[in-house]
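Have a look at the structure below before the remarks.
The values are calculated or read from the model by the stated rules, or taken from the named source; none is laboratory data. Computed from a predicted structure; not experimentally measured. Every residue, glycine as well, gets a Cβ built from its backbone with ideal geometry; the counts of neighbours run over all protein chains shown. Heavy atoms of the whole protein, side chains included, go into the accessibility calculation; ligands, DNA and RNA do not. Shrake-Rupley method; radii C 1.70, N 1.55, O 1.52, S 1.80 Å.
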Amino acid sequence: AVVSTQSTGELIRAGTVLRAAELALLSCQGYGEVLVRRKPRVAILSTGNELVSDPKQTLTYGQVRDSNTCALSNLLAEDGYRVVHVDHLPDTPTDTEQGLRAATGAADIIISTGGVSMGETDHVKDTIVKLNGKIHFGRVFMKPGKPTTFGTVPHNPQEPSRLFFGLPGNPVSAMVTYKLFVLPSLQTWEGRKYNPSIIRLPLPTTRRLDPRPEYIRAVFTVYSGDGEVELTGGQCSSRLLSMRSANILLSLPPRSEDRETVPAGTLQPAIVIGQL
């Protein structure tokens, strides 16, 4: 078979992900090698004295298992990114500084969970500033995910600053903000154009609006010529079950004086986060 291509113009545009068809096209045109952008190296930091990393360990009073590292590692793997550094940081300024220094030496993008709220044991933001980094934003007007933080941390003068994402400690908030903030940045870093799949779907039940824009987890099941939207139950940000099987985030506007609820059946934007 002979592949016909135009004699002018680009064969494959910069930023295109090379899959089977693209690689075959390059091969048939005589390209054995092409210049590509490498994927970013990613570090995951979990913070908190209460966290237990070993899922088999018996918990004592006040302890919780670290589900965020497991969730983020697998989300990154699903999206094609490699985690090169994982660490658990106790809630002390010294441990936080040592952990951030190690992460900046190992990775291009650092994702932490917890430690970015306003508590006495939340040291991450102060440590970034101490390392001559910059906090670009430290709160977001959304639900879930209000404490989400973005910053840059220098490593050495010869390399770009590392990107830092401080995600909330609640498991659902961490996963939702990964999809909305971290994934677009990962793709942009490697030269891709972030182009999320957004569809409009009917809200399955009447819902009272929150003062903040809200992203609620739901399952969209496609049938022949039709589909059904079902919420994943309670939408509390600590209820990890609300992410189980979720493949869309339904976007709801904030509550206002003239609009307090959204009636069932109203078409709302839905961001696709999983297989339909």
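Grab the eigenvalues of the alpha-carbon gyration tensor for region 65-163, scale each by 5, take roots, and send me the semi-axes largest first in whole angstrom.
Computed over region 65-163, the values are 19, 18, 15 Å.
Let me check I've understood the local charge: for TYR215, count other residues with C-beta under 13 angstrom from its C-beta, Lys and Arg +1, Asp and Glu -1. What total comes out? Present the calculation step by step, with values, prior to reporting the outcome.
Values: positive: LYS143, LYS146, LYS179, ARG207, ARG212, ARG217; negative: ASP210, GLU214.
Its environment carries a net charge of +4.
Long-range amide H contacts for GLN268: which residues qualify at under 5 Å (H placed 1.01 Å from N, peptide plane, sequence gap of 5 or more or a different chain)?
For GLN268, whose amide H was placed from the backbone, the distant partners under 5 Å are LEU201, LEU203.
At 1.4 Å probe size, what's the solvent-accessible area of ILE199? Round to the nearest 10 Å².
Estimated to the nearest 10 Å², ILE199 gives 50 Å².
Ignoring everything except DSSP H segments at least 4 long, calculate the 222 nm mean residue ellipticity for the chain; use -39,500 (n - 2.57) per segment, divide by total residues, nearest 500.
Numbers: 6 runs with 56 residues, N = 276.
Result for the chain: -6000 deg cm²/dmol, rounded to the nearest 500.
So for region 111-247, taking the charge dipole from beta-carbon charges (+1 Lys/Arg, -1 Asp/Glu), which of SER161, LEU186, ALA174 sits furthest toward the positive end?
Comparing the listed Cα positions along the dipole, SER161 ranks first.
Give me, ordered by chain and number, the residues 5 or more places off GLY48 or on other chains with an amide H under 5 Å from its own placed amide H.
LEU89, ASP91
Mind listing the phi-derived Karplus ³J(HN,Hα) values for region 53-66, rounded to whole Hz, using 6.51, -1.76 and 1.60 with θ = phi - 60°, and x for any glycine or proline?
7, 7, x, 8, 6, 6, 7, 10, 4, x, 9, 9, 7, 7
Quick one, can you get me the convex hull of the C-alpha atoms of region 198-249 expressed as volume per residue in Å³? Each step should come with its number before you reach the end.
Values: hull volume 4.7 nm³, N = 52.
Enclosed volume per residue, from the Cα hull, is 91 Å³.
Output ³J(HN,Hα) for region 229-236: one whole-Hz value per residue in order, computed from phi by the Karplus curve 6.51 cos²θ - 1.76 cosθ + 1.60 with θ = phi - 60°, and x for Gly and Pro.
These are the phi-based 3J(HN,Hα) values: 10, 9, 5, 8, x, x, 9, 4 Hz.
Give me the one-decimal nm value for the distance between modelled label points at SER53 and SER251, 7 Å along each residue's Cα-to-Cβ direction.
3.8 nm
With the contact rule set at Cα under 8 Å and sequence spacing of 6 or more, what percent relative contact order holds for region 13-128? Don't jump to the answer; show the numbers that get you there.
Details: 139 pairs, mean separation 36.3, N = 116.
Taking the mean separation of contacting Cα pairs over the length of region 13-128, I get 31 percent.
Can you pick out the pairs among LYS39/LYS143; LYS39/LYS179; LYS56/LYS130 whose Cα atoms lie more than 27 Å from each other?
Numbers: LYS39/LYS143 30 Å; LYS39/LYS179 17 Å; LYS56/LYS130 36 Å.
Flagged as over cut-off: LYS39/LYS143; LYS56/LYS130.
Counting DSSP beta bridges with both partners in the chain, what percentage is antiparallel, nearest 5?
Numbers: 30 of 50 bridges.
Percent antiparallel among DSSP bridges in the chain is about 60.
Rg/Rh for region 78-122: what does it come to with C-alpha atoms and Rh from Kirkwood?
On the way: Rg = 11.9 Å, Rh = 11.8 Å.
Radius of gyration over Kirkwood radius for region 78-122 works out to 1.01.
Could you work out the relative contact order of the chain, using alpha carbon pairs under 8 angstrom and six or more residues apart, expressed as a whole percent?
Numbers: 505 pairs, mean separation 40.7, N = 276.
Value for the chain: 15 percent.
Per the Kirkwood definition applied to all pairs of different Cα atoms, how many angstroms is the hydrodynamic radius of region 22-78? Don't skip to the answer; put the middle values down first.
Working: mean 1/r = 0.0655 Å⁻¹.
Result for region 22-78 stands at 15.3 Å.
Give me the distance between the Cα centres of region 213-276 and region 133-175, rounded to whole Å.
Cα centres, region 213-276 to region 133-175: 25 Å.
Over region 124-258, what is the relative contact order in percent, taking alpha-carbon pairs closer than 8 angstrom and at least six residues apart?
Details: 208 pairs, mean separation 26.7, N = 135.
Relative contact order for region 124-258 comes out at 20 percent.
Under a 5 Å amide H to amide H cut-off, with H placed in plane at 1.01 Å, what residues pair with ARG65 once short-range neighbours are removed?
VAL52
How big is the chain by the Kirkwood estimate over distinct Cα pairs, in Å?
Numbers: mean 1/r = 0.0478 Å⁻¹.
Across the chain, the inverse of the average 1/r is 20.9 Å.
Given a 1.4 Å probe, how much area per residue of the chain is accessible, in Å²?
Per residue, the chain has 56 Å² of solvent-accessible surface.
Can you run phi through the Karplus equation (6.51, -1.76, 1.60; θ = phi - 60°) for region 120-136 and list ³J(HN,Hα) in whole Hz, with x for Gly and Pro?
The phi angles translate into 5, 9, 8, 9, 5, 4, 4, 5, 4, 5, 4, 8, 6, x, 9, 8, 7 Hz.
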